[in-house]
Structures are given as structure tokens and as C-alpha cells.
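Quick notes on the structure that follows.
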Amino acid sequence: MIKFILTTFIALLFFSNFTAQNDNLEAQIKKDPVFTEDIVDEVYGITYYEPYNIALNGDSVRLKRGYAVNGWLEDHYQNGKLLHKGFYIDGQLKIYKNYYPNGALEREFTNIDNFRSKATLYYDDGTVKSQVKYVEGYPKLWIDYYPNGKMEFYEEYNKNLQHIIAQRSYYDNGQLSSALELLNKKKLTYSKTEYYEDGTVKMKGYMKYSKDLYDYVPMGTWVYYNADGTEQKEESYVDGKLKK
């Protein structure tokens, strides 16, 4: 009888420890997240998956039930609508699409090859919001659009991604707001012009990339204009500093 009681006690103790270990293991395994419409940022859209994007230097690894995700994976909003569909390798994204709660495509990311990739972002009505081309995780070409479809911003870098080739911003009526254009790629000199909303020149001058400051600084004579086109003043710069 004593032997039976002792055997039963040991069995119960083993079962209790086994259950406790399982409970601890379950607690350690991260449960699948619950996605609500709050995942959509008003300005930046759905950025939740960016840390898993290896092409953009993301270093996070996505796990499911304790293991790195491999192959296609879908996430859904609480209402069951598709939020995300992506292809993972060892927990990191290679290609994917995100969707707004209304079902419209929010962004699409694809790898062109081992060095180049591209992304297209959309407003929730389907209008293109941004187009970006990357080289080794850094943007070489970036274009933003207003909700009305007109271009808002354009920026392009040279092949080694060290210097700007062109940078332009626009008013929402399509009129150019400012423009920085490369004039001499060896001397790294640029023309810079800003405009009023009606297209009248506001100011114009020249800039140069400073290797000491790692920035673009004004040089030479700059001319400023009133809204009616009349000249307002002139300024002269040497090595990025205004001459008194």
C-alpha cells in the first residue's frame, strides 16, 4: 500500500513539473499579434513590417510559434480582411504587399536583384503616394505625390549614392517650388532656384558640396525677388559664409 502511494505521489509530482514547464514554454513563445486599424499611421502608412525587410537593412527576425518564418505568410485585420502578404526567408522579408482596412493596396515591395529593390506606396483611394528605388538598402530615386496625383517631391542621387543629381519640390497645383540641379559633377557645383506659387522666381543662386561640412553650402551671388518679379536684394557668399 505504501509503495502504491509513493508511486502515485511521484507520478503526480512529475506531471505537475511537466505541466509547469509547458506553461513556462507557452509563456515564452510569443503569440501572434492582433492587428487593428491603428496599425495604419496617418503619415507613414503601415511601417510595422519594415524591421523585417532585409533589403532595407532591417535586422529583426519574425517568429511564429517560436520558429523563424519561412515561405509565404498572411496577416489579417480583426475583421478578417487581408493586411499583409509576404515571402519570408529565415524570418526576414524578401517581397510583400500591405493593405488598408478598406482592401486597397497600401504598399508593394519587391527585390529586383541582390543589390536593387523598389517600393511603391499608395493612398487609400489607390492613388500613388511614393515611388522609391533602392541600391543596397539606400534610396537612389525618391518621388512623392500629392493626393491629387501631382508630384510633390523628386530626389535622385548619383551611382555611388554620395551626391544629389537633382532635387525638386512642387506646390500642389503642379508648379515648381524649388529646384537644386547639378551643374558640374567634378566640382560638385549646383544651381538653386526657389519660386512663388505662380511660378515667379523668389530667389536664385549657386551651391557647392562641402566635403568638410558634408553639406551643400551657398556660393557666389544670390539674388532675391519680390512677388511682382522686381529685385529685392543681392547677397554674396564665400565658402558658404555671407560676405558682410
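For the reader, a short list of remarks on this structure follows.
- Odd one out for V201 among (1) modelled with pLDDT under 95; (2) farther than 29 Å from E136 by Cα: (1)
- Qualifying position, being at pLDDT 95 or above, over 15 Å from the mean Cα position of the chain (by Cα) and either over 30 Å from I165 (Cβ atoms) or not polar (S, T, N, Q) (or both), among L141, L83: L83
- From the options Y157, Y209, Y170, residue that is closer than 19 Å to G240 by Cα and under 27 Å from the mean Cα position of the chain (by Cα): Y209
- Residue ranges of strands (runs of 3 or more DSSP E) in the range 134-244 with at least 2 members without any contact (Cβ under 8 Å) to a residue 12 or more places away in the chain: 231-238
- Flag if S210 is polar (S, T, N, Q), loosely packed, with under 15 Cβ neighbours inside 10 Å and out of contact with any helix residue (DSSP H, G or I) (no Cβ under 8 Å at 6 or more places or on another chain): yes
- Test: E155 is surrounded by 14 or more Cβ atoms within 10 Å (Cβ to Cβ), under 30 Å from R107 (Cβ atoms) and of a type in the set (D, E): yes
- Across the range 221-239, not a single residue is classified as closer than 24 Å to Y138 by Cα and aliphatic (A, V, I, L, M).
- Matching residues in the range 98-117 - criterion: being under 14 Å from the mean Cα position of the chain (by Cα) and either at pLDDT below 95 or surrounded by fewer than 17 Cβ atoms within 10 Å (Cβ to Cβ) (or both): E108, T110
The values are calculated or read from the model by the stated rules, or taken from the named source; none is laboratory data. All values derive from a computational prediction rather than experimental measurement. Please note: Cβ atoms are built from the backbone with ideal geometry, for glycine as well, and neighbour counts cover all protein chains shown.
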